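*Asks:* Have a look at the structure that comes next, please.
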Amino acid sequence: MTVIDLNCDLGEGAGQDALIMPWISSANIACGGHAGDVATMRATIALARRRGVAVGAHPGFPDRKNFGRLELAASPDQVREWVRNQVQALQTEADALGIRLGHVKPHGALYNLAARDPTVASAVAAAVFECDPKLVLVGLAGSVMLAAGKEAGLTVAGEAFVDRAYHEDGRLVARSDPRALLAGEAAVVQALDLVLAAEVTSVEGVRVPVAAVTLCMHGDGPQAVSIARDVHQTLTARGVAVRAAWR
């Protein structure tokens, strides 16, 4: 049986978490960097627990004004400290609710930078290992972040995106590009391509191989709930089992 994890970035204040949670198998919870605070962390962990959804940390650049989507100039040590502090903050709240964190997935600009910059990727991986060497590091499929995670001694999980367009070299299309975001039938088709063919069609029209064990659906868009529901229902109708890759 084909198995896939469906993950979503939650605890970011979009107000749709409870409606999205039934359709995913793992939640990446904002932990005080780009978004989130103690109250939202607790609430989102508790919601995930009730739904049987795996819980992970979603650390980002500490830049709430820009939602962590702009790169900040920082040394590797600073990146390491930011990631470590945010993951530990979520660990504290998870421990209080009797939940063990399963994974860490960086957010936004930090995710994209770590996907291409080995130094930043190593800083992220080192921070995750310091928090708990059993944590799974989630990163862009085929990226240097996964290589850095393996080098640090972590288990890694390659991720692809249901609702983001790709270039023919495997990069995500920048959000500033009007072609960047997918919704409706386009998102469902991309999910099917990723799971059943391990490929996507790039904006250049080229089929690109993408080997992923987890698919991301963002939780802050106007169609986030319908995308999550339609992707989940379409995959399960095709006989695909949806469950966290690290359970």
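*Asks:* Which is among the hydrophobic types (A, V, I, L, M, F, W, C), in contact with a His (Cβ under 8 Å, 6 or more places away or on another chain) and under 16 Å from Ile20 (Cα atoms), of Ala224, Ala183?
*Replies:* On inspection, the qualifying residue turns out to be Ala224.
*Asks:* Could you look through the stretch 69-87, keep only residues that are closer than 24 Å to Arg175 by Cα and touching a helix residue (DSSP H, G or I) at 6+ places or on another chain (Cβ under 7 Å), and pick out the one that is surrounded by the fewest Cβ atoms within 10 Å (Cβ to Cβ)?
*Replies:* Looking at the filtered set, the residue picked out is Leu70.
*Asks:* Taking interchain pairs and intrachain pairs at least six residues apart, which have beta carbon atoms under 8 angstrom, with the first residue in the stretch 77-94 and acidic (Asp, Glu) and the second outside any helix (DSSP H, G or I)?
*Replies:* So the pair list comes out empty.
*Asks:* Moving on. Got a number for residues in the stretch 212-222 being crowded, with 18+ Cβ neighbours inside 10 Å and part of a loop (DSSP other than H, G, I, E, B)?
*Replies:* Taking the stretch 212-222 first, the residues crowded, with 18+ Cβ neighbours inside 10 Å are 212-219.
Filter once more, so that each one left must be part of a loop (DSSP other than H, G, I, E, B): 212-213, 217-219.
Residues that pass the stated criteria total 5.
*Asks:* Same structure, new question: Would you say Arg229 is surrounded by fewer than 23 Cβ atoms within 10 Å (Cβ to Cβ) and touching a residue at least 12 places away in the same chain (Cβ under 8 Å)?
*Replies:* Considered against the rule, which asks whether it is surrounded by fewer than 23 Cβ atoms within 10 Å (Cβ to Cβ) and touching a residue at least 12 places away in the same chain (Cβ under 8 Å), Arg229 comes out as yes.
*Asks:* Of the residues Leu110, Leu140, which single one is at pLDDT 95 or above, touching a His at 6+ places or on another chain (Cβ under 9 Å) and closer than 22 Å to Gly33 by Cα?
*Replies:* Of the residues listed, the single one that is at pLDDT 95 or above, touching a His at 6+ places or on another chain (Cβ under 9 Å) and closer than 22 Å to Gly33 by Cα is Leu110.
*Asks:* If a residue counts only when it is small (Gly, Ala, Ser), more than 17 Å from the chain's Cα centre (by Cα) and crowded, with 17+ Cβ neighbours inside 10 Å, which strands (runs of 3 or more DSSP E) contained entirely in the stretch 121-211 have at least 1 such residues?
*Replies:* Hits in the stretch 121-211: none.
*Asks:* Which members of the stretch 87-111 meet the condition of being among the small types (Gly, Ala, Ser), closer than 20 Å to Ala121 by Cα and in a helix (DSSP H, G or I)?
*Replies:* Matches in the stretch 87-111: Gly108, Ala109.
*Asks:* Tell me which residues, restricted to the stretch 89-115, are surrounded by fewer than 17 Cβ atoms within 10 Å (Cβ to Cβ), closer than 23 Å to Ala245 by Cβ and of a type outside the set (Lys, Arg).
*Replies:* Those that are surrounded by fewer than 17 Cβ atoms within 10 Å (Cβ to Cβ), closer than 23 Å to Ala245 by Cβ and of a type outside the set (Lys, Arg): Asp95, Leu97, Gly98.
*Asks:* A further question on this structure: Pairs only if they're at least six apart or on different chains, beta carbon under 8 angstrom, first in the stretch 172-183 and closer than 19 Å to Arg207 by Cβ, second of a type in the set (Phe, Trp, Tyr); list them, first residue then second.
*Replies:* From the stretch 172-183, the pairs are Leu172/Phe161; Leu172/Tyr166; Val173/Tyr166.
*Asks:* Looking at the stretch 122-134, I want the residues that are within 12 Å of Leu110 (Cβ to Cβ) and have a partner that is β-branched (Val, Ile, Thr) with Cβ atoms under 6 Å, at least 6 apart or on another chain. Which pairs are those?
*Replies:* The qualifying pairs are Ala123/Val79; Val124/Val83; Ala127/Val83.
*Asks:* Now for a different question. Could you go through the stretch 6-17 and let me know if any residue there is more than 13 Å from the chain's Cα centre (by Cα), part of a helix (DSSP H, G or I), closer than 25 Å to Ala212 by Cα and not basic (Lys, Arg).
*Replies:* yes
*Asks:* Determine which member of the set Ala191, Ala245, Ala198, Ala228 is over 25 Å from Gly13 (Cα atoms), aliphatic (A, V, I, L, M) and touching a helix residue (DSSP H, G or I) at 6+ places or on another chain (Cβ under 7 Å).
*Replies:* None of the others qualify; the one that does is Ala191.
*Asks:* Give me the pairs, please: first residue somewhere in the stretch 5-21 and under 12 Å from Ala46 (Cα atoms), second residue anywhere and surrounded by fewer than 18 Cβ atoms within 10 Å (Cβ to Cβ), beta-carbon distance under 6 Å, and either six or more positions apart or on two chains.
*Replies:* That search, which allows pairs on different chains as well, returns Met21/Arg51.
The values are calculated or read from the model by the stated rules, or taken from the named source; none is laboratory data. Values in this document were obtained by computation on a predicted structure and should not be read as measured data. Neighbour counts run over all protein chains shown; Cβ positions are idealised from the backbone, glycine included.
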